[in-house]
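Trainee: First, the structure itself, so that you have it in front of you.
The values are calculated or read from the model by the stated rules, or taken from the named source; none is laboratory data. Source: prediction; values computed, not measured. No Cβ is skipped: glycine too gets one built from the backbone with ideal geometry, and neighbour counts run over all protein chains shown. Note: areas computed on protein heavy atoms with side chains; ligands, DNA, RNA excluded. Shrake-Rupley method; radii C 1.70, N 1.55, O 1.52, S 1.80 Å.
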Amino acid sequence: MGYQKQALNRDRILGPTAPRKRFLSNTSSESQSSNRKDVVSELHPLTNQSDNIRLLDYELQVKRRFDEIVPLLKRISALQHHNDFIPQAQQLAKSVLGFELPQYILEKAWVRPLDMRALFAWCVFQAHQYSSNQFFNSDPLHGSEKTQPANDFQTFLSQCGFHLLDVTPCSDGRLAHSIAYVLRIPFSTVRRRSHAGALFDVENTVNRWIKTEHSRYRHGNPNSPNDDTRYLKVVVYHFSSLSPSHQGCAAHGSDDSKAAEAGYQRLLDFRESIEKSFCCGASVDLLLIGLDTDTDAIRVHVPDSNSHIDLKKWVSAMEIYEGTRNLTYKDSIEFIEQKIDEKSPGKTQKGIVAFITKIIVNNISQIDYVRQAHNGAYPDAGHSERFIGVGIGFKEVHLRNLTYFSHLDTVEEGSPDLDVGIKIFKGLNVSRDLPIPVVIRFDYSGKVPGAKARAIADCKRVNNAISIRYKELVNDGLLHTCLTVRDRDKKGSAEIVGSSLDPAIKEEH
Ligand SMILES: [Zn+2]
């Protein structure tokens, strides 16, 4: 679907004839040089173009794996009554998708129509697994632990006065790339957990705060308790500048002022919980960010030194983009700092000003990313996620509209988030007679005895609850699940521990 269009737009960045390496290595021919000149002249001076190229390559590569599934299955469907159907289908799948299809499904093609729904779900799960392996094996986003970018950002955070950055975006797939793309923060330096409407769980977050403080007192990690630093909790709500009343946040009825207000209230509740539950002046810092899902431009509600936020005021990265197009780097930074100060004159801590300045500078690269690859606004203004991710984990998912997240321990507790996801996928997939692919994930700590077995049991428990809650869809072959676990203490990828497509399970339905 969107891939071919995106591929064309990749040419807008690299130049239609310029091979990527030559473009990047600055050894291009005259015509390629002029291509580059045109492209560069369109860019904002603060934009990091080499990062943009790397990020676009990664996005196209991963999404292509998912978007080639339907065209391939159409070709395979047309072959199903050929004599040498199975070898032909396998060869085609291997050459296009990089993997073979499950033999036991293909073998039934002579006696009944090929189960295209099962094949579709199977291919989505394979594409996810392939991407997960690639992510953990080769760090394509350059954001994993102990790398230079991660170390640098952690040092910067400390200098700003923060020891832990905890971000909650909305679970909408259009915000799944908030960390690595929109804010350009190394993913290993952030705790990210998405929730519908960005309404994070206060008790869970208090527990995370306690764990963080414990680690500081016990191990001096991430820094000593004597250092005067704080836990920074950020909420990212969203809105649509092009279609404000239709493509905003579903959890808040596409009303961005409601989304901002609800996010801010949740932040205040979290701070109050910490301050009332713990002594010695314990507190946290708060930040509220709005994301325009059409352009990826952010707006930041500047807090005063008491984390008080005026919901009607914000610093707009898009306005800063326009206002700094002709400035030097130094003047741009001064311009941004001045804009931040105007929102809360003399009342904002220096550390938070430095942090906001950095994410706005980073966001300028992302604004150019969307301008160059998508003419300034995404073609998929609404939902077009490829699968639902349920459970705890998914550290590897950092692409827009790839995954609808439903972070939960139990289906009962997470049902509002999951119901929203199922509703979205009824529109995206079931309306086309395609199944809803659900990847269940539970991360565990390999250091804890029995943790892996418990994570597998959690997967099965959630899988069972899903098959009861969405019984009709499951019985019609319109919802398939893939169960995965991952040791969060290791760099390795996720491991598949079961699937509704396993032959024995499938026969039951
Ligand atoms: Zn939302």
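Trainee: For region 77-125, enumerate the residues that are polar (S, T, N, Q) and more than 21 Å from R432 (Cα to Cα).
Mentor: To start, the set of residues in region 77-125 that are polar (S, T, N, Q) comprises 77, 80, 83, 88, 90-91, 95, 103.
Result: N83, Q88, Q90, Q91, S95, Q103.
Trainee: On to the next question. Just need a number here: residues in region 311-347 that are crowded, with 19+ Cβ neighbours inside 10 Å and free of Cβ contacts under 8 Å to residues at least 60 places away in the same chain. Outline the logic, then answer.
Mentor: Taking region 311-347 first, the residues crowded, with 19+ Cβ neighbours inside 10 Å are 314-315, 317, 320-321, 324, 332, 336, 339-340, 343-344.
Filter again for free of Cβ contacts under 8 Å to residues at least 60 places away in the same chain, leaving 314-315, 317, 320, 336, 339-340, 343-344.
Going through region 311-347 one residue at a time, the tally reaches 9.
Trainee: Looking at (1) closer than 28 Å to T328 by Cα; (2) at pLDDT 95 or above; (3) β-branched (V, I, T), which one does I69 not meet, given that it meets all the others?
Mentor: (1)
Trainee: Moving on to the next point. I'd like the residue in region 178-211 that is part of a helix (DSSP H, G or I) and among the aliphatic types (A, V, I, L, M) and, out of all such residues, is farthest from V235 (Cα to Cα). Write out each step before concluding.
Mentor: Our first condition is that a residue be part of a helix (DSSP H, G or I); within region 178-211, this holds for 178-182, 187-189, 196-198, 202-211.
Okay, now just the ones that are also among the aliphatic types (A, V, I, L, M), so 179-180, 182, 196, 198, 202, 206, 210.
Working: I179: 12, A180: 16, V182: 14, A196: 12, A198: 6, V202: 12, V206: 15, I210: 19 Å.
Among them, the one singled out is I210.
Trainee: Here's another thing I want to ask about it. Six or more apart or on different chains, Cβ under 8 Å: which pairs go from a residue in region 109-121 that's aliphatic (A, V, I, L, M) to one that's in a loop (DSSP other than H, G, I, E, B) and open to solvent by 90 Å² or more (accessible area, probe 1.4 Å)? Could you list them?
Mentor: So the pair list comes out as A109/H81.
Trainee: Only one of F425, F442, F405 is in contact (Cβ under 8 Å) with a residue 24 or more places away in the chain, outside any strand (DSSP E or B) and of a type in the set (A, V, I, L, M, F, W, C). Can you tell me which?
Mentor: Numbers: F442 fails: outside any strand (DSSP E or B); F405 fails: outside any strand (DSSP E or B).
Every option except F425 fails the conditions.
Trainee: Take residues that are within 14 Å of the ligand (Cβ to nearest atom) and open to solvent by less than 40 Å² (accessible area, probe 1.4 Å) and tell me which of the strands (runs of 3 or more DSSP E) falling wholly in region 218-310 contain 2 or more. Working first, answer last.
Mentor: Values: elements: 230-239, 285-292, 298-301.
By residue number, 230-239, 285-292.
Trainee: Given (1) on the phi > 0 side of the Ramachandran plot; (2) assigned to a strand (DSSP E or B); (3) of a type outside the set (A, V, I, L, M, F, W, C), identify the lone condition not met by G376.
Mentor: Every listed condition holds for G376 apart from (2).
Trainee: Here's a follow-up. Across region 112-141, which residue is most open to solvent (accessible area, probe 1.4 Å) among those that are among the aliphatic types (A, V, I, L, M) and in contact with a helix residue (DSSP H, G or I) (Cβ under 7 Å, 6 or more places away or on another chain)?
Mentor: Applying the first criterion (among the aliphatic types (A, V, I, L, M)) to region 112-141 yields 114, 116, 118-119, 121, 124, 127, 141.
Now restrict to residues that are in contact with a helix residue (DSSP H, G or I) (Cβ under 7 Å, 6 or more places away or on another chain): 114, 116, 118-119, 124, 127, 141.
Values: L114: 14, M116: 48, A118: 0, L119: 0, V124: 3, A127: 0, L141: 17 Å².
Among those residues, the one meeting the criterion is M116.
Trainee: Identify, from the list V448, V497, the residue that is over 15 Å from F405 (Cβ atoms) and assigned to a strand (DSSP E or B). Outline the logic, then answer.
Mentor: Working: V448 fails: assigned to a strand (DSSP E or B).
Only one candidate qualifies: V497.
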